[in-house]
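The values are calculated or read from the model by the stated rules, or taken from the named source; none is laboratory data. The structure displayed is predicted, hence computed values, not measured ones. Virtual Cβ from ideal backbone geometry, glycine too; neighbours counted across all protein chains shown.
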Amino acid sequence: IFAAVEMAPRDPILGLNEAFNTDARTDKVNLGVGVYYDDNGKIPLLAAVKTAEKARLEAMPPRGYQPIEGPAAYNTAVQNLLFGKDSHLIANGQVVTVQALGGTGALKVGADYLKRLLPGATVYISDPSWENHRALFESAGFPVENYPYYEPSTRGVNFAGMKAKLEQLAPGSVVVLHACCHNPTGADLTEAQWSEVVDACRERALVPFLDMAYQGFADGIEPDAVAVRLFSASGLQFFVSSSFSKSFSLYGERVGALSIVTASKDESARVLSQVKRVIRTNYSNPPIHGGAVVAAVLNSAELRQMWEDELAGMRDRIRSMRTGLVENLKAAGVAQDFSFVIQQRGMFSYTGLSAAQVEQLKNDFGIYAVSTGRICLAALNSRNIGYVAKAIAEVVKA
Ligand code: LMR
């Protein structure tokens, strides 16, 4: 049965890890995947997480099945973070939240549910978008198209193009929006532009699907939720996928959530019952540990403060790597203005490096980046930043 199976290409992002891990060079640097490393090049275990884990270890809780949708303590904590603890939507019972296997798992549950709900819809993603968006919605059976987003000449958003496209979409089209820290470009909408997107979604009866994997990595938990808050105030129904992979440094625990805003408490009950069917036939119910740790941190005033301080520390270090890279590139003799790197938000910089230049970085220097020119600033540190800047200087000169 396997004789005719073809070799699939490596994943454009996670496949880089596979290649990186087999690279024997000692000065290699992995700027591919969106993972935060500390200045020692290590993935941190946050102190707030450590404290919550210690308490769990001491309690040695039993490992029964979880509810299909995950525990209420977790789902409520997620809702408070996304919608604000005083949200009228939460108070009215208009938000359905289910624990999911990371942000990807949340997108997949949402996509599978949407396919049952709107089988004839087309899904629109930004141009460019996170590599997995297209594959994920296509695998759920949707045709996937792009709306204009990034404008290379300004290194910003082509908002006029984006809006014009949204205003032409067929009613019931699904629009995937990066709620903050756009992946891969780092170019976000302003609050005023978000309001116009909300209006376009209302006028065209679109189905907004906000993907929020980096809350806290631009300006902070509350300011980074601006898009979710504007949609919340709009009276529209929408989807939000969210992730604690980056903000809690819990990548491999796969801790995320899917939230769906409905028109009423009664609708919520019916929607939840359907989403539970999607989950039950996929992985039955979510794993315990990661979600329990996140809930313990978010539901304790002391641990939550500790976590917010640690998150701010990650955010600040990435910012200092942005300025550091620009300075180091200058020092390495690069004439081209790279100051846009400082303006971009989140973990990534869309450098403008070509696929050939990225290939040369890998071959000549053992520096791995996504072929689109996306680099992860959170993988830079005080020891490798000079090396990376010199390598980039070499490939842009060539
Ligand atoms: C990324 O874009 O690098 C991250 O979201 C990790 C992933 O799953 O691709």
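Evaluated against (1) away from the ligand (no atom under 15 Å from the Cβ); (2) loosely packed, with under 13 Cβ neighbours inside 10 Å; (3) not aromatic (Phe, Trp, Tyr), Asp38 falls short on exactly one condition, (2).
Can you report the number of residues in the stretch 122-147 which are more than 16 Å from the chain's Cα centre (by Cα), free of Cβ contacts under 8 Å to residues at least 40 places away in the same chain and buried (at least 17 other Cβ atoms within 10 Å of the Cβ)? Selection size over the stretch 122-147: 4. Is the stretch 382-391 home to any residue that is modelled with pLDDT of 95 or more, within 22 Å of the chain's Cα centre (by Cα) and closer than 28 Å to Asp224 by Cα? Within the stretch 382-391, not a single residue is modelled with pLDDT of 95 or more, within 22 Å of the chain's Cα centre (by Cα) and closer than 28 Å to Asp224 by Cα. Restricting the first member to the stretch 148-160 and to residues that are within 12 Å of Gln344 (Cβ to Cβ), and the second to residues that are surrounded by fewer than 17 Cβ atoms within 10 Å (Cβ to Cβ) and β-branched (Val, Ile, Thr), the beta-carbon pairs closer than 9 Å and six or more apart or on different chains are Val157/Thr190. For Thr154, the criteria (1) outside any loop (DSSP other than H, G, I, E, B); (2) surrounded by fewer than 21 Cβ atoms within 10 Å (Cβ to Cβ); (3) not aliphatic (A, V, I, L, M) hold in every case but one, which is (1). If you go through the stretch 202-247 and pick out every residue that is among the charged types (D, E, K, R) and assigned to a loop (DSSP other than H, G, I, E, B), you end up with 3.
Would you check if Asn328 is in contact with a Gly (Cβ under 9 Å, 6 or more places away or on another chain), of a type in the set (S, T, N, Q) and in a helix (DSSP H, G or I)? The answer is yes for Asn328.
Residue pairs whose Cβ atoms lie under 7 Å apart, sitting 6 or more positions apart in sequence or on different chains, and linking a residue in the stretch 162-184 that is closer than 21 Å to Val226 by Cβ and of a type in the set (Gly, Ala, Ser) to a partner that is in a helix (DSSP H, G or I) and away from the ligand (no atom under 14 Å from the Cβ), are Ala179/Ala227; Ala179/Val228. Thr323 falls short on exactly one of the conditions (1) in a helix (DSSP H, G or I); (2) within 16 Å of the ligand (Cβ to nearest atom); (3) under 19 Å from Tyr36 (Cβ atoms), and that condition is (2). Could you tell me whether the stretch 279-287 includes any residue that is surrounded by fewer than 14 Cβ atoms within 10 Å (Cβ to Cβ), in a helix (DSSP H, G or I) and in the same structural domain as Ala140 (by TED's automatic domain parsing)? Yes: the stretch 279-287 contains one or more residues that are surrounded by fewer than 14 Cβ atoms within 10 Å (Cβ to Cβ), in a helix (DSSP H, G or I) and in the same structural domain as Ala140 (by TED's automatic domain parsing). Of all residues in the stretch 190-207, none are closer than 30 Å to Tyr36 by Cα and crowded, with 21+ Cβ neighbours inside 10 Å. On inspection, Leu81 qualifies as under 30 Å from Ala233 (Cβ atoms) and either of a type outside the set (Phe, Trp, Tyr) or more than 16 Å from the ligand (Cβ to nearest atom) (or both). Among the residues of the stretch 17-35, those that are farther than 16 Å from Arg315 by Cα, in contact (Cβ under 8 Å) with a residue 60 or more places away in the chain and either under 18 Å from the mean Cα position of the chain (by Cα) or more than 11 Å from the ligand (Cβ to nearest atom) (or both) comprise Ala19, Phe20, Asp23, Arg25, Asp27, Lys28, Val29, Leu31, Gly32, Val33.
Those helices (runs of 4 or more DSSP H) of the stretch 13-112 in which 2 or more residues are under 30 Å from Ala389 (Cα atoms) occupy 14-21. Among the residues of the stretch 346-367, the ones that are within 25 Å of Leu189 (Cα to Cα) and hydrophobic (A, V, I, L, M, F, W, C) come to 3 in all.
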